[in-house]
Amino acid sequence: MLKLRNLSYETVVGLLAAASVILLVAPTLVILVMSFTGDFLLRFPPRSWSVRWYIELFENSPQIAASAWISLQVALISTLASTTLGTLAALAVAGRRSAWAVALDSLFMSPMVFPAMSLGLALLLLLSLLGMRPALWSLAVGHTVIVTPFVIRMVSAAVQQLNPVLLDCSASLGASRIFTFFNVTLPLIRPGLLGGAVIAFLSSIDHVPVSLMLSDPRVETLPVNLWILLDSNLDVRVASVSGIIVAITLVVILVLDRRMLGHVPR
Amino acid sequence: MRAGGAVSGYLSAAPLALLFTVAYLVPVVILVIISLSASTSGFNFTLVHYVAALTNGFNLGILFDTLVLGLQVSFATMLAAYPIGLLFMRCGPRGRAIIVFLILLPMLTNTVVRTFAWMIILGREGVINISLMSIGWIEEPLRMLYTRTGLIVALVQIFLPLMALPINASLARINDNLVKAAEGLGASRFYVFRTVILPLSLPGAIAGFLLTFAGSSTAFVSQTLVGGGRQIFMPLLIYQQAIGVQKWNAAAALSIVFAISILVIVFAMNRYSRKYLRGMDA
Amino acid sequence: MQIDRRTMLGILAGSAMAGAFPAMAQSKEVFIATYPGSVDEGFKAVVGPQIRQKFGATSAFSPMLNTDLIGRIQASRNNPPFDVAIWDNGPIITAKQDGLLEKFLESGSPNYADMPANLRDPDGFGPAMALTSIGIAYNPKKIKTPPTSWNDLWNPEYKGRVGIVGPASTLGTTFLIEVAKLRGGSETNVEPGFAALKELVANVGAIPPNPGALTTALSQGQVDIAPNFFNNVAALKARGADIAFAVPSSGLPLQTVTAAAIKNSRNPELAQKVVDLLIDPVVQAQLEAAPWIMMPANPKVALTGFNRDVGATVGDVLKRGIFLDWTKFIASRPSWVERFNREIRV
């Protein structure tokens, strides 16, 4: 009796887990298959196969390429900014219980739950009041606010695991704070910092609402461009862009240190 | 050392605080001011936009529906994430690496792209319908794209990594001996799940739930592309009011109302769950 | 990590610099707002190279709904994101009222003389550069008897297979008015139209967010019959989709698409030149050809291919079409949009 119940438990969990994993992976597989269609339309199953849409993408899609470049710049700038500023801030507030620390931490974490579309509108209104048009820097600033919570969360977790004795040792041996930071603290929190940077980068590359509100033909990001292509005519090139993103993703995952990705925000 | 001096201790947070003031607090304050003004030319105080946002049955319905969507997606995502977590717990290091890889793969694929995949999967002549019809399970195509169910399925997939990773992390920390001890004492696995695994993994699940709730209720791209034109949610309403019909003040008021609703729900859930968890410790 | 730290810093610094000094890379460039779908593709393929060749300038095109375009320009009217845009009959009235447009320099336009009087903007803001007609799009593989009237959408056989869009788009507004007219209403009395749409709900399989998405729904088999723009249908047909276009017996609703320069453009002369280029017979003829199949406005351009289904010449099409008087109902349109969102739910 007991055995049977345990067996059914295993089966149920196994089946459900399999269903979840299929759910997770199916879209990526479908996209990969569809990107090799030879048709002009995205029909399933494709009536013919070819790599024409990849060729079309490389030879005949300057605006998609331009938007990919914009996205890359925005993501790199916001990753750099959020990682630097976020790490410094996390060192100040992590693990502290004072009212100031809690207030600052809540402020820095709040973009995670503040609706991005509202933030996008707020930034657009600010720029409009200043008589400015959205530009690369304003996108980068908006993205920095959006992705900073990930960095703070990851770095804070790492900081809280720091052994204070090590820092005290360094100080008692006469090391300056800055020396201690670069030679003791930084190497110890490096996994958390890198993990935060990776998640910040991915979130920025993926972000739509703020980019859409601040969209301008001069600074159209890749997801916004793809969104427009999809919303208006289900362009097959979206599938080939997706194919390339998936390929890059696979390479990145294989190259990145697995331990680094093992740290996730909680 | 780190505790040395109240001011100097916080000094390293100053640059980020400055950035957040300029690029987050100031814009949000402007948003509030504009939401309280009759028009965009000059400031004339009025509450009319809030009254409209909160008494117009149509707007209120959309707000409510958006929050409900967020909750539905979060619950469904949690249900989908637990089996993965339980599998993860039973696996060795190698199996765990594979599971993490499978969870990360979609997370590293653009959301717009994943949404697009769902359009192809759920369509009337999409992957599911064509496959089911060709094996003769259904005769008429099922309606999935542009429906609530279709939207929930797509959003669950999109937010599953955000739920599965923290749940896995909590489950991985559960002491295996505890589970073995319980089983050794003759407890069934369902019982062990309910009394040991579930409570211990709740912190991770709650974190995932909050992230999924905030994320799915504001997931503009999936909501419009998979939800279609008849399901309107707050992000689209805000976008349409602002960019589409240029009612900037009304859009600002809707933004504030939406933001406050989300923040209140997240705050309440966070608070309640902390209390609950503390209660369990005692 | 295998990436060398110095390389990484180099990339980061380089991209930061590129972001900080966008002006360095800037030559003469013109930004044009287009319509989603084949119009945008046609502009990218035809107009872009012509602008480079004739004026030595670079160009970028953004497809968007006219209503969104007004919002984008309003958000930074002193430094607008676009130099030139094309406009439907309704939104251009709003754009004119808001002072977003620059008058067209007719004297500087060699091609303006080609345009008949009814294709010139009455307030002098520009020439029509294309005509768009609206009719019934359907999948001939699934709908065996070609539709002849808007009333056919109410056929109970088409349960769950009809697609519509709301009056936020020109397509949706025109459809609503045409249906209202069939049921005894008019441009100013759409009450019968709304009543008819409520009855149509039983047949409606999808209400996509915009006309482009409705076209997609047709090509994907999500719906089998729907009101749509002729050029969208023709462009899909040219790509091998199972799609056909029927002219309703009540007449062929026709719009003009007006090209206009945007006020406060950084390149006002270039913007005027681009507007003239858009009505150039050579450019128009290229846009008329497959796979873009735009209905040209310049009567000098001969009609070919699918366009001949609508008329033998541009003059013919103009004679055949029904123009709505958008000034009569543009003010009530926002309330129609709201009403549609509220009442027409499936």
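The values are calculated or read from the model by the stated rules, or taken from the named source; none is laboratory data. Predicted model only: the values in this text are computed from it and were never measured. Please note: Cβ atoms are built from the backbone with ideal geometry, for glycine as well, and neighbour counts cover all protein chains shown.
Just a few scattered comments:
- Candidate set from region C:292-309 (those that are in contact with an Asp or Glu (Cβ under 8 Å, 6 or more places away or on another chain) and within 16 Å of C:SER38 (Cβ to Cβ)); member that is modelled with the lowest pLDDT: C:TRP292
- Single unsatisfied condition, A:VAL145 versus (1) free of Cβ contacts under 8 Å to residues at least 40 places away in the same chain; (2) over 30 Å from C:SER76 (Cβ atoms): (2)
- Residue satisfying condition, being in contact (Cβ under 8 Å) with a residue 12 or more places away in the chain, more than 23 Å from B:THR111 (Cβ to Cβ) and within 14 Å of chain C (Cβ to nearest Cβ), within set B:GLN246, B:GLN231, B:GLN241, B:GLN223: B:GLN241
- C:PHE82, sole failed condition from (1) more than 15 Å from the chain's Cα centre (by Cα); (2) assigned to a helix (DSSP H, G or I): (2)
- Only one of B:VAL264, B:VAL179 that is among the aliphatic types (A, V, I, L, M), surrounded by fewer than 20 Cβ atoms within 10 Å (Cβ to Cβ) and under 25 Å from B:VAL156 (Cβ atoms): B:VAL264
- Test: residue in region B:197-217 that is closer than 20 Å to B:GLN157 by Cβ, within 15 Å of the chain's Cα centre (by Cα), within 14 Å of chain C (Cβ to nearest Cβ) and not charged (D, E, K, R): no
- Of the helices (runs of 4 or more DSSP H) lying entirely inside region B:104-220, the ones with 2 or more residues being touching a helix residue (DSSP H, G or I) at 6+ places or on another chain (Cβ under 8 Å) and of a type outside the set (Val, Ile, Thr) are found at B:111-122, B:148-173, B:176-184, B:189-192, B:198-217.
- The strands (runs of 3 or more DSSP E) falling completely within region C:210-285 that include 1 or more residues that are aromatic (Phe, Trp, Tyr) map to C:225-229, C:244-246.
- Residue check, A:ILE189 within 18 Å of B:GLY215 (Cα to Cα), surrounded by 21 or more Cβ atoms within 10 Å (Cβ to Cβ) and touching a Leu at 6+ places or on another chain (Cβ under 9 Å): no
- Some residue of region A:62-71 being within 30 Å of B:PHE209 (Cβ to Cβ) and more than 8 Å from every other protein chain (Cβ to nearest Cβ): yes
- B:PHE58, sole failed condition from (1) within 25 Å of the chain's Cα centre (by Cα); (2) within 30 Å of B:PHE233 (Cβ to Cβ); (3) facing chain A (nearest Cβ under 8 Å): (3)
- Within region B:69-120, being of a type in the set (Gly, Ala, Ser) and more than 8 Å from chain A (Cβ to nearest Cβ) holds for B:GLY70, B:SER74, B:ALA76, B:GLY85, B:GLY92, B:GLY95.
- Among residues of region C:226-264, those that are more than 14 Å from C:ILE293 (Cβ to Cβ), away from chain A (no Cβ under 12 Å) and not aliphatic (A, V, I, L, M), counted: 10
- Within region B:61-75, being over 11 Å from the mean Cα position of the chain (by Cα) and aliphatic (A, V, I, L, M) holds for B:ILE62, B:LEU63, B:VAL68.
- The number of residues in region B:224-250 being under 21 Å from the mean Cα position of the chain (by Cα), over 19 Å from A:LEU226 (Cβ atoms) and in a helix (DSSP H, G or I) comes to 3.
- Test for C:GLY37: is it modelled with pLDDT under 85 and surrounded by 13 or more Cβ atoms within 10 Å (Cβ to Cβ): yes
- Scanning region B:145-173 for residues that are under 21 Å from B:THR224 (Cβ atoms) and at the interface with another protein chain (Cβ under 10 Å from one of its Cβ atoms) returns B:LEU145, B:TYR146, B:THR147, B:VAL153, B:ALA154, B:VAL156, B:GLN157, B:ILE158, B:LEU160, B:LEU162.
- Qualifying residue in region A:60-82 (condition: modelled with pLDDT under 95 and in contact with a Gly (Cβ under 9 Å, 6 or more places away or on another chain)): yes
- Of the candidates C:GLY135, C:GLY160, C:GLY205, the single residue that is under 23 Å from the mean Cα position of the chain (by Cα), of a type in the set (Gly, Ala, Ser) and over 18 Å from C:GLU338 (Cβ atoms) is C:GLY135.
- When region C:185-206 is filtered for residues that are β-branched (Val, Ile, Thr) and more than 14 Å from chain B (Cβ to nearest Cβ), the ones remaining, listed by number, are C:THR188, C:VAL190.
- Candidates C:LEU65, C:LEU153, filtered to the one that is surrounded by 21 or more Cβ atoms within 10 Å (Cβ to Cβ) and outside the structural domain of C:ASP276 (by TED's automatic domain parsing): C:LEU153
- Residue match in region C:75-92 (condition: of a type in the set (Lys, Arg) and either farther than 25 Å from A:LEU121 by Cα or facing another protein chain (nearest Cβ under 7 Å) (or both)): no
- Selection of region C:283-340 for residues being of a type in the set (Val, Ile, Thr) and touching a residue at least 60 places away in the same chain (Cβ under 8 Å) yields C:VAL283, C:ILE293, C:VAL310, C:VAL314, C:VAL317, C:ILE322, C:THR327, C:ILE330, C:VAL337.
- Given (1) more than 10 Å from chain A (Cβ to nearest Cβ); (2) within 30 Å of A:TRP137 (Cα to Cα); (3) part of a helix (DSSP H, G or I), number of the condition B:GLY42 does not satisfy: (3)
- In region A:30-58, the residues that are in a helix (DSSP H, G or I) and either farther than 20 Å from B:MET133 by Cβ or at the interface with another protein chain (Cβ under 7 Å from one of its Cβ atoms) (or both): A:VAL30, A:ILE31, A:LEU32, A:MET34, A:ARG52, A:TRP53, A:TYR54, A:ILE55, A:GLU56, A:LEU57, A:PHE58
- Test set (1) modelled with pLDDT of 95 or more; (2) of a type in the set (Gly, Ala, Ser); (3) more than 19 Å from C:ASN139 (Cα to Cα); (4) not assigned by TED's automatic domain parsing to the domain that holds C:LYS103 - C:ALA202 fails condition number: (1)
- Leading residue by the ranking (farthest from A:MET34 (Cα to Cα)) among those in region B:121-144 that are at the interface with chain A (Cβ under 8 Å from one of its Cβ atoms) and β-branched (Val, Ile, Thr): B:ILE130
- From A:SER106, A:SER118, residue being over 30 Å from A:THR37 (Cβ atoms), free of Cβ contacts under 8 Å to residues at least 60 places away in the same chain and more than 9 Å from chain B (Cβ to nearest Cβ): A:SER106
- Only residues that are facing chain B (nearest Cβ under 8 Å), of a type outside the set (A, V, I, L, M) and in contact (Cβ under 8 Å) with a residue 60 or more places away in the chain were counted across region A:85-103, and they come to 1.
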